[in-house]
2 protein chains.
Amino acid sequence: MNKPVQQRTLKTRANLVEAARAIVLDVGYEGLRTEEVVKRASVAKGTFFAHFADKDALLELLIGEALLECLDQMAERPAPVTVPEVVEHLMPLIGLMTQSRFVFDVIVRHSGAAVVESLGPIAQSFDLQYAVFAKWFDPEGDHPFRRDVPPELLAEGIQAFAIQAMALMFCAINSVTSVEDRLTVYLNAWLLPSK
Amino acid sequence: MNKPVQQRTLKTRANLVEAARAIVLDVGYEGLRTEEVVKRASVAKGTFFAHFADKDALLELLIGEALLECLDQMAERPAPVTVPEVVEHLMPLIGLMTQSRFVFDVIVRHSGAAVVESLGPIAQSFDLQYAVFAKWFDPEGDHPFRRDVPPELLAEGIQAFAIQAMALMFCAINSVTSVEDRLTVYLNAWLLPSK
DNA sequence: AGCGTAAATTGACCGTGGTCATTTATTAGG
DNA sequence: CCTAATAAATGACCACGGTCAATTTACGCT
């Protein structure tokens, strides 16, 4: 088993992904059709499904890599030390996730890995988020946030409130308030409780 | 415009919904096929789509009415006065929402009303949830929960954390911890911060 | 080089959600 | 009652994701 995977396979897969990226640039994630992908990649329909379990798996790959890239940049910044700074740090990620209702739904669907082995790129990015956020609340660090619960729990709360704020953003009734404002209210209560 | 809607219409719609309910009992929400619905209701395919915008709208109706019923029972109980009691009060709702990944996804998709006029039954149930939860934290009431933020905000937090706990439940990696336990940790930190 | 085997690819085919021009039923007006 | 106008129902049809038996290609071995 020195060469279990052929060069050809890698090339075909790369073609498919590249074709898909081009299509997304044209018509967005929502307008992506598998038939168009295989046409541009010059392969048969069946080949697509030999490489991806389903269309969602391709979407996850494309969206996931955008999320991971965004998180890498986020991780490089110095930790925020006020709630507005936390919100500001989150905004690029939120912008990505809420670029459309369709994208948001894909992300939510894949945010938890359904299978233990090989978590997809979106689930990965949520793991990474968790790690990045948790670092902001290092008990040794110099920040004003609550210290009665572990940093990991604060990180989970941020994920929960961010999802909530984004979900409400797509809700016509509640869209009078901006995501930033809503999130600021949530995080003030979560990170700086005065009991 | 004394009679804008005919009797026939109501009957047809009722037939469709009844047929759908029967199918769900047989094969669950996930196994529901529009073709089977119209067959059992003895109408044409097109008629279905004259009554429901799409299949999702029917699913929303069916799942939404179950949620609303559950909330009605929840509203009748005396308010919980400890975090474990809060979790226990939430469990019937959580059980409904997590009966399957498919149902959970439908609910999340519809939890925010996309259009102002006529919010669907699932979005309605989220509004009702909000109201029911908020009542638990009445500033005049005798409860040990934090009072530094308005009850409505505490209610929103419960929604956010409940969704988070449920989403993680479907995630293989995290399913070692039960929803109750996870939610208890979240709500202790949210409702009883010791700063 | 030639051969056998396993991996990769193919494309006709299917299931199912959703559409729409046409047909049928209902109602209001004379 | 008949007729015109409107609402409802019909079903052939389409779009698109996904399948799979058959075919082609690549690779290790002698």
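The values are calculated or read from the model by the stated rules, or taken from the named source; none is laboratory data. Nothing here was measured: the structure is a model prediction, and the numbers come from that model. Here Cβ is always computed from backbone atoms with ideal geometry, including for glycine, and neighbour counts include all displayed protein chains.
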Legend entry - Scan of segment B:37-80 for residues that are of a type outside the set (Asp, Glu) and not in a helix (DSSP H, G or I), ordered by number: B:SER42, B:VAL43, B:ALA44, B:PHE52, B:ALA53, B:ARG77, B:PRO78, B:ALA79, B:PRO80
Legend entry - Single condition A:ARG8 does not satisfy, out of (1) within 11 Å of DNA strand C (Cβ to nearest atom); (2) among the basic types (Lys, Arg); (3) closer than 19 Å to A:PRO121 by Cβ: (3)
Inset, instruction - Output yes when any residue across segment A:112-121 is touching a residue at least 60 places away in the same chain (Cβ under 8 Å) and touching a Phe, Trp or Tyr at 6+ places or on another chain (Cβ under 9 Å), and no when none is. - result: no
Legend entry - The lone exception for A:ARG101 - which of (1) more than 16 Å from DNA strand D (Cβ to nearest atom); (2) basic (Lys, Arg); (3) exposed (fewer than 13 other Cβ atoms within 10 Å of the Cβ) it fails: (3)
Inset, instruction - State which residue pairs qualify: first residue more than 11 Å from chain B (Cβ to nearest Cβ) and inside segment A:140-156, second residue surrounded by fewer than 18 Cβ atoms within 10 Å (Cβ to Cβ) and in a loop (DSSP other than H, G, I, E, B) in any location, beta carbons under 6 Å apart, and separation of 6 or more residues or different chains. - result: A:HIS143/A:VAL81
Inset, instruction - Being in the same structural domain as A:VAL24 (by TED's automatic domain parsing) and either touching a residue at least 40 places away in the same chain (Cβ under 8 Å) or hydroxyl-bearing (Ser, Thr, Tyr) (or both) narrows it down to one of A:THR47, A:THR98, so name that one. - result: A:THR47
Inset, instruction - For A:SER125, state whether it is away from chain B (no Cβ under 12 Å) and buried (at least 17 other Cβ atoms within 10 Å of the Cβ). - result: yes
Inset, instruction - Could you list, in sequence order, all residues of segment A:50-65 that are under 16 Å from A:LEU128 (Cα atoms), free of Cβ contacts under 8 Å to residues at least 60 places away in the same chain and surrounded by fewer than 20 Cβ atoms within 10 Å (Cβ to Cβ)? - result: A:GLU65
Inset, instruction - Keeping to segment B:157-195, report how many residues are at the interface with chain A (Cβ under 7 Å from one of its Cβ atoms) and in a loop (DSSP other than H, G, I, E, B). - result: 5
Legend entry - Qualifying position, being touching a Ser or Thr at 6+ places or on another chain (Cβ under 6 Å) and closer than 24 Å to B:LEU187 by Cα, among A:ASP148, A:ASP138: A:ASP148
Legend entry - Those residues of segment A:25-36 which are more than 12 Å from DNA strand C (Cβ to nearest atom), buried (at least 16 other Cβ atoms within 10 Å of the Cβ) and without any contact (Cβ under 8 Å) to a residue 60 or more places away in the chain, in sequence order: A:LEU32, A:GLU36
Inset, instruction - Sort through B:THR82, B:THR98, B:THR47 and tell me the only one that's within 13 Å of DNA strand C (Cβ to nearest atom) and among the polar types (S, T, N, Q). - result: B:THR47
Legend entry - A:ALA22 near DNA strand C (Cβ under 10 Å from one of its atoms), under 22 Å from A:VAL106 (Cβ atoms) and more than 14 Å from chain B (Cβ to nearest Cβ): no
Inset, instruction - Return yes or no: is A:LEU32 closer than 14 Å to A:LEU62 by Cβ and within 7 Å of DNA strand D (Cβ to nearest atom)? - result: yes
